[in-house]
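K.L.:
Before I ask anything, here is the structure I am working with.
The values are calculated or read from the model by the stated rules, or taken from the named source; none is laboratory data. Just so you know, these numbers come straight off a predicted model, no measurement behind them. Here the Cβ is made from the backbone with ideal geometry for all residues, glycine too, and neighbour counts use every protein chain on show.
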Amino acid sequence: MTKAVCPGSFDPITLGHVDIFNRANAMFDEVTVVVTGNPEKPSGLFSVEERVELIRQVVPADIKVDWWAGLLVDYTTKHGVDTLVKGLRSSLDYEYELPMAQMNRRLSGVDTAFLLTDEKYGYISSSLCKQVAQYGGDVTGMFPDVVAAAVQEKYRAKGTYA
């Protein structure tokens with residue numbers, strides 16, 4: 001059985017992320033989305049727990065969702081993971097991800113599979129989409145609907161929603 005992990009902060013999950021998860025799910029026997037970050041040290045728009053819950057709401061039931069606050073290779077070793085799956089939007093993502101992939105392989109032997117983002121999601125990043133939402137811009141087609149509503153509510157609650 002091949003096990004893959006799709007790791008990231010996912011603050012919050014975008015439609016580009018969902019596309020990568022679904023494509024990985026078709027390639028591996030078991031896929032787990034792992035939210036990285038320490039739940040004891042909240043940072044970002046959503047807590048780790050909120051991110052996990054939002055992801056669970058938008059991925060198919062056969063994709064597992066978990067979180068991890070330590071070294072990712074420790075997670076992969078503990079759970080018998082064969083492959084890390086990362087989405088790449090551009091060469092900038094590749095330049096950022098390559099050294100991490102090489103380090104992960106050196107530390108634990110786990111390989112990283114890079115999936116190219118579908119061109120319709122190539123411009124989408126969580127941080128850019130949050131900025132658009134913060135100022136009242138239309139984020140339709142960037143986040144899953146439930147996530148878009150949660151983002152807008154967060155900014156309303158903070159009093160920063162335009």
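K.L.:
Within segment 75-95, track down each residue that is exposed (fewer than 14 other Cβ atoms within 10 Å of the Cβ) and touching a residue at least 40 places away in the same chain (Cβ under 8 Å).
P.N.:
Within segment 75-95, G80 is the sole residue that qualifies.
K.L.:
For segment 13-65, what are the residues that are among the acidic types (D, E) and either loosely packed, with under 13 Cβ neighbours inside 10 Å or in contact with a Lys or Arg (Cβ under 7 Å, 6 or more places away or on another chain) (or both)?
P.N.:
Residues satisfying the conditions are D29, E30, E40, E49, D62.
K.L.:
Mind listing whichever residues of segment 105-127 are in a helix (DSSP H, G or I), surrounded by 13 or more Cβ atoms within 10 Å (Cβ to Cβ) and free of Cβ contacts under 8 Å to residues at least 60 places away in the same chain?
P.N.:
Those that are in a helix (DSSP H, G or I), surrounded by 13 or more Cβ atoms within 10 Å (Cβ to Cβ) and free of Cβ contacts under 8 Å to residues at least 60 places away in the same chain: R105, L107, S108.
K.L.:
For the subset of segment 86-104 comprising residues that are among the charged types (D, E, K, R), over 17 Å from V5 (Cα atoms) and part of a helix (DSSP H, G or I), which member is modelled with the highest pLDDT?
P.N.:
E95
K.L.:
Going through segment 128-154 one residue at a time, which ones are in a helix (DSSP H, G or I) and touching a Leu at 6+ places or on another chain (Cβ under 8 Å)?
P.N.:
K130, V146, V147, A150, V151, K154
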